[in-house]
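Scroll down for the structure; my scribbles are underneath it.
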Amino acid sequence: MLNVTGYTRITEQNFQSFFTHPFVLVIMLIVLLFVLLFTYYEMGFLFIMAYHQQKGIRYRLLTVWQQLNRKLIYFFSLQVIYFIVYLALLLPFASILLPLPITQGIPLLQFITNDIMSTRLGSILYFAVVSSVIFISFRSFLTLPIFTIQSKISIGQSFLQSWRFSKRRLLKILVLLTLILSGYLALLLTITVVSMLPLFLLERWMPSVALLTAGLTLAFLQMVFVVLFSLLQSMIGQVMVAITYNSRNLAMQYKSKSKRFNTLPIVLCVIFSILSMMNIDMLNRSVYAPDTKIIAHRGYTAGNIENTLSGLISAANAGADIVEIDIQQTVDGEFVVYHDRTLRRLAGKNGVIANMTLRDLQTIPIYDNGLNDKISSLDDFIETAKALDVTLLIELKAHGNEREDLLPRLVEKLRYHKVLDTYYVQSANAPLMTQLKTITPNLRVGIVYALDMAEIDVLNVDFIALEESWVNERLITELKRQHTELFVWTLNKDRSLQEFIEKNVSGVITDHPDIALEIRSKKSEQQYFLQRVADKILFIFSS
């Protein structure tokens with residue numbers, strides 16, 4: 001698409017213009033239609049077969065296929081909007097009902113929700129919206145079984161019927177889903193614990209076979225998880241149909257001649273062997289101590305206000321390798337440590353940072369989550385960081401009103417404090433960072449991207465900081481080839497921290513440096529394979 005549209009890369013600066021290009025819109029519509037039809041046919045087969053089984057009606061797959069085909073007309077009309085809304089509402093359940101890469105890999109930009117949740121009003125609005133979505137999701141839960149089973153009903157009519165049915169049966173739906181998921185999780189936990197017992201024993205008594213046993217154990221559990229996911233999907237489908245049509249028979253009947261499954265054991269053995277070999281190789285390569293830098297995002301904000309000296313001290317005491325801070329230039333040419341363009345969020349005032357002096361800003365108290373603190377200068381931060389022996393990652397916030405001496409004064413300040421060769425400076429303003437690298441080659445300079453979808457060119461900076469949703473193996477490999485560091489932000493979930501520390505990226509930027517340090521410390525050569533397998537399993541199921 002880049003070649004056709006004439007773009008070299010997609011970033012937050014040209015995101016809107018790229019995705020409004022006619023060619024891109026056509027491709028997106030085709031992909032969306034494919035996802036909708038795939039979901040419709042997959043779940044449609046499940047619901048129609050469940051209905052026939054519960055009613056004792058004989059059926060053929062060809063008949064089911066033809067019944068689903070008769071509803072295709074709705075996907076090429078305005079009715080498809082109802083289906084899109086329905087799937088969007090069911091995203092919380094999608095990873096269970098549709099265990100597909102499509103539903104697992106949706107990039108939800110965490111930095112957006114993090115910013116929303118940073119204020120009390122934002123948190124209230126966020127939880128209000130989430131609660132409303134969950135309520136509407138349950139009320140529209142039965143839309144798809146109604147639409148696929150009833151031959152003469154539109155998607156919109158199915159949506160309305162689901163809303164009416166669920167009003168009387170909402171509690172029943174919640175109870176049944178809770179029981180199914182509880183039983184499923186209990187079975188999953190039991191199988192996992194029992195399966196890992198041999199590895200637990202052999203790793204201590206016969207360590208020479210630990211790697212082989214770990215690979216076999218993980219392969220077995222992966223296959224079990226796939227089977228259980230499929231059974232869960234079928235069971236939830238059966239329950240949805242039974243609730244909708246008042247059926248009491250939830251028996252899942254799959255009548256087939258046994259000779260059709262003669263090759264099944266062979267296929268399963270082949271899959272098991274391939275998974276085992278892949279897991280053994282993966283586990284063997286995981287025996288190393290990662291050197292990923294743990295970077296505290298705006299200091300350590302647990303019990304402190306962001307970008308304050310107290311947050312810096314707490315981050316250093318927690319063991320962070322680097323502390324990230326945000327700076328802006330004031331009207332008198334000094335540098336203040338503050339993130340936002342205005343004082344509104346933390347100080348409750350309308351003042352613009354670029355229009356105020358450093359002395360004025362230092363007299364203004366800031367508040368957050370019942371805490372209070374003060375705004376500090378970059379000089380104070382550097383002196384404190386040097387005393388704590390912690391490196392700073394300085395993000396330069398450029399809002400367009402900076403003085404012409406912005407970069408020279410910043411370089412002079414870093415040189416004065418003798419940190420020019422040890423600190424990092426980054427900004428979302430790529431031309432500004434390229435200019436900074438040109439005038440100060442020995443300073444470690446980087447570019448911040450909230451979004452980047454393109455082949456990596458040869459960069460004229462030392463590192464890039466990229467939002468986690470857009471980081472992939474190809475990017476990591478290419479940046480390592482170019483000897484360019486990669487800092488991934490902002491990682492606040494255990495799953496994300498574990499993933500990128502395992503990939504040994506250059507640095508992870510997080511609000512929880514203590515958790516990140518704990519995860520990194522466990523990734524050592526001495527770690528038991530049992531723990532590595534457990535980490536992989538937790539990674540699969542963590543959100």
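Details
- Tabulated pairs, the range 425-442, first in contact (Cβ under 8 Å) with a residue 24 or more places away in the chain, second in a helix (DSSP H, G or I) and open to solvent by 50 Å² or more (accessible area, probe 1.4 Å), C-beta under 8 angstrom, 6+ apart or interchain: I439/P408
- Residue in the range 514-535 that is outside any helix (DSSP H, G or I) and in contact with a strand residue (DSSP E or B) (Cβ under 8 Å, 6 or more places away or on another chain) present: no
- Yes/no for I325 being open to solvent by less than 10 Å² (accessible area, probe 1.4 Å), closer than 13 Å to H512 by Cα and of a type in the set (A, V, I, L, M, F, W, C): no
- The requirement of being in contact (Cβ under 8 Å) with a residue 40 or more places away in the chain, at negative phi and out of contact with any Gly (no Cβ under 6 Å at 6 or more places or on another chain) is not satisfied by L185.
- Every test in (1) charged (D, E, K, R); (2) within 30 Å of S77 (Cβ to Cβ); (3) exposed (fewer than 14 other Cβ atoms within 10 Å of the Cβ) is passed by K172 save one, and that test is (2).
- Wholly within the range 381-487, strands (runs of 3 or more DSSP E) carrying at least 1 residues that are open to solvent by 30 Å² or more (accessible area, probe 1.4 Å): 391-396, 444-449
- Of all residues in the range 271-299, exactly one satisfies the criterion of being open to solvent by less than 20 Å² (accessible area, probe 1.4 Å), more than 29 Å from A320 (Cβ to Cβ) and either part of a loop (DSSP other than H, G, I, E, B) or hydroxyl-bearing (S, T, Y) (or both), namely S276.
- Filter result (open to solvent by less than 30 Å² (accessible area, probe 1.4 Å) and over 17 Å from E395 (Cβ atoms)) within the range 341-351: L343, A347, G351
- One residue alone among G333, G319 is open to solvent by 20 Å² or more (accessible area, probe 1.4 Å) and in contact with a helix residue (DSSP H, G or I) (Cβ under 7 Å, 6 or more places away or on another chain), and that residue is G319.
- Flag if T178 is open to solvent by less than 10 Å² (accessible area, probe 1.4 Å) and either of a type in the set (S, T, Y) or not in a helix (DSSP H, G or I) (or both): no
- Residue tally, condition more than 19 Å from Q161 (Cβ to Cβ), among the small types (G, A, S) and in a helix (DSSP H, G or I), over the range 28-60: 0
- Among the residues making up the range 488-509, those that are under 20 Å from D321 (Cβ atoms) and assigned to a helix (DSSP H, G or I) are D494, S496, L497, Q498, E499, F500, I501, E502.
- Given (1) closer than 21 Å to L530 by Cβ; (2) surrounded by 15 or more Cβ atoms within 10 Å (Cβ to Cβ), index of the condition V194 fails: (2)
- Across the range 61-97, the number of residues qualifying as at pLDDT below 90 and not in a helix (DSSP H, G or I) comes to 1.
The values are calculated or read from the model by the stated rules, or taken from the named source; none is laboratory data. Because the structure is predicted, anything quoted here is derived from the model rather than measured. Methodologically, a virtual Cβ is constructed for each residue, glycine included, from the backbone with ideal geometry; neighbour enumeration extends over all protein chains shown. These area figures cover heavy atoms from the full protein model, side chains too; ligands, DNA and RNA do not enter into them. Shrake-Rupley method; radii C 1.70, N 1.55, O 1.52, S 1.80 Å.
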